[in-house]
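Reviewing the structure listed below.
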Amino acid sequence: MSGAPSEGPAAAAQPLLSIVLATFNERRNLPQVVDRIRQQRLPPFEIIVVDDGSTDGTREFLDEAARSDPWIRPVYHEGKQTTVRAQCQGIGVATGRLVVIMDADLQHPPELLPSMVQQLQGGSALVLASRYAPGGSPGPRTLARWFYSHGAALAAAIYLPEARRVKDPVSGYFGFRREIWIPLDPKIRGYKLSLFLLVMANGRPVTEVPFRFEPRTEGASKVTESSAFIGMYLREVRLARRLRNELHGSGRSPAG
Ligand SMILES: Nc1nc2c(ncn2[C@@H]2O[C@H](COP(=O)(O)OP(=O)(O)O)[C@@H](O)[C@H]2O)c(=O)[nH]1
Ligand SMILES: [Mg+2]
């Protein structure tokens, strides 16, 4: 696909970049996400979509798209498994040396992809799309959402020194060099994979590029703003901390 659609799928180069999307009922957003990704100037890429049993036509769209483009790669899982689990499943089948994780609801603008890739190619091991870096914006949000977002960043900063070095440690939009990836225990469920990547970067360069978090215009958020969500998040932070301790205990050097 990427770069040279006119040459047809058979001629498409092996992907350097794997874009991993987790979806649950995103039929009204996903086609536009894919279209806008295709409009970007990017190295050869694949789009891996891990869908957890959508019933709104997301799968029918994916089946159709994958028929004409082998670099659209649906991964089907039956039943919701949380965003982090779905993203891990996608990373597990990624073939690019560079991986970008993004949401499929247009809150993460695909127009940012070229500058994220540029950071990775320029030496960053991890690049976070940041709502709080100068020039970025969290967009309009409710007071509850403000509270959850800041509380999440604060909890991360308390437990993880790595989180203190960036402005937006819980961004859901980020890219990394696949060589830093350490497969996570399947028992780790949750919503904030960036916490684990900050730990996996383990001293290598981490950068941020500012972006505006767009309001969701189609479909509903599936992330619950509730005490159950807070409990799950705090468990995630603790598990990221445990991974950190394991890495340090094992003496794994930043160079890997
Ligand atoms: N595969 C999968 N995707 C999910 C799940 N929950 C949410 N998503 C997707 O993860 C992305 C972010 O979810 P969203 O509900 O918008 O979270 P929010 O932006 O934090 O409100 C979207 O692309 C969703 O479709 C899940 O359990 N499984
Ligand atoms: Mg969203």
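Filter the stretch 215-243 down to the residues that are hydroxyl-bearing (Ser, Thr, Tyr) and closer than 17 Å to residue 149 by Cβ, then identify the one that is surrounded by the fewest Cβ atoms within 10 Å (Cβ to Cβ). Show your work before the answer.
As a first pass, look at the stretch 215-243 and keep what is hydroxyl-bearing (Ser, Thr, Tyr): 217, 221, 224, 226-227, 233.
Retained after the next criterion (residues that are closer than 17 Å to residue 149 by Cβ): 221, 224, 226-227, 233.
Details: 221: 11, 224: 11, 226: 11, 227: 8, 233: 21.
It comes out as 227.
Could you list, in sequence order, all residues of the stretch 192-206 that are closer than 21 Å to residue 131 by Cα and either surrounded by fewer than 18 Cβ atoms within 10 Å (Cβ to Cβ) or within 16 Å of ligand 2 (Cβ to nearest atom) (or both)?
Pass one, the stretch 192-206, residues closer than 21 Å to residue 131 by Cα: 192-199, 201, 205-206.
The answer is 192, 193, 194, 205.
In the stretch 87-106, which residues are within 16 Å of ligand 2 (Cβ to nearest atom), among the hydrophobic types (A, V, I, L, M, F, W, C) and more than 18 Å from residue 71 (Cα to Cα)?
106
Give the residue that is surrounded by the fewest Cβ atoms within 10 Å (Cβ to Cβ), with candidates limited to residues of the stretch 170-191 that are without any contact (Cβ under 8 Å) to a residue 60 or more places away in the chain and more than 19 Å from residue 107 (Cα to Cα).
Selected residue: 187.
Would you confirm whether any residue within the stretch 212-221 is under 23 Å from residue 124 (Cβ atoms), in a strand (DSSP E or B) and more than 16 Å from ligand 2 (Cβ to nearest atom)?
Scanning the stretch 212-221, I find no residue that is under 23 Å from residue 124 (Cβ atoms), in a strand (DSSP E or B) and more than 16 Å from ligand 2 (Cβ to nearest atom), so the answer is no.
Could you list, in sequence order, the residues of the stretch 195-241 that are over 25 Å from residue 24 (Cα atoms) and among the basic types (Lys, Arg)?
204, 238, 241 - these are the residues of the stretch 195-241 that are over 25 Å from residue 24 (Cα atoms) and among the basic types (Lys, Arg).
Using the structure shown, decide if residue 227 is among the polar types (S, T, N, Q) and within 16 Å of residue 83 (Cα to Cα).
So residue 227 fails the test.
Residue 246 passes all but one of (1) part of a loop (DSSP other than H, G, I, E, B); (2) exposed (fewer than 14 other Cβ atoms within 10 Å of the Cβ); which number fails?
For residue 246, the failing item is (1).
State the number of residues belonging to the stretch 139-162 that are in contact with an Asp or Glu (Cβ under 9 Å, 6 or more places away or on another chain) and touching a residue at least 40 places away in the same chain (Cβ under 8 Å).
Result for the stretch 139-162: 5.
Tell me, which residue of the stretch 140-166 that is surrounded by fewer than 16 Cβ atoms within 10 Å (Cβ to Cβ) and assigned to a loop (DSSP other than H, G, I, E, B) is modelled with the highest pLDDT?
It comes out as 165.
Kindly indicate which of 114, 31, 109, 74 is within 16 Å of ligand 2 (Cβ to nearest atom) and under 25 Å from residue 217 (Cα atoms).
After applying the criteria, what remains is 109.
Being closer than 21 Å to residue 100 by Cβ and surrounded by fewer than 15 Cβ atoms within 10 Å (Cβ to Cβ) is the filter; apply it to the stretch 41-75 and report the residue that is nearest to the chain's Cα centre (by Cα).
Among those residues, the one meeting the criterion is 41.
(1) modelled with pLDDT under 95; (2) away from ligand 2 (no atom under 16 Å from the Cβ): which one isn't true of residue 237, the others all being true?
For residue 237, the failing item is (1).
The values are calculated or read from the model by the stated rules, or taken from the named source; none is laboratory data. Since we're looking at a predicted model, the values are computed, not measured. Glycine gets a Cβ as well: all are built from the backbone with ideal geometry, and neighbour counts include every protein chain shown.
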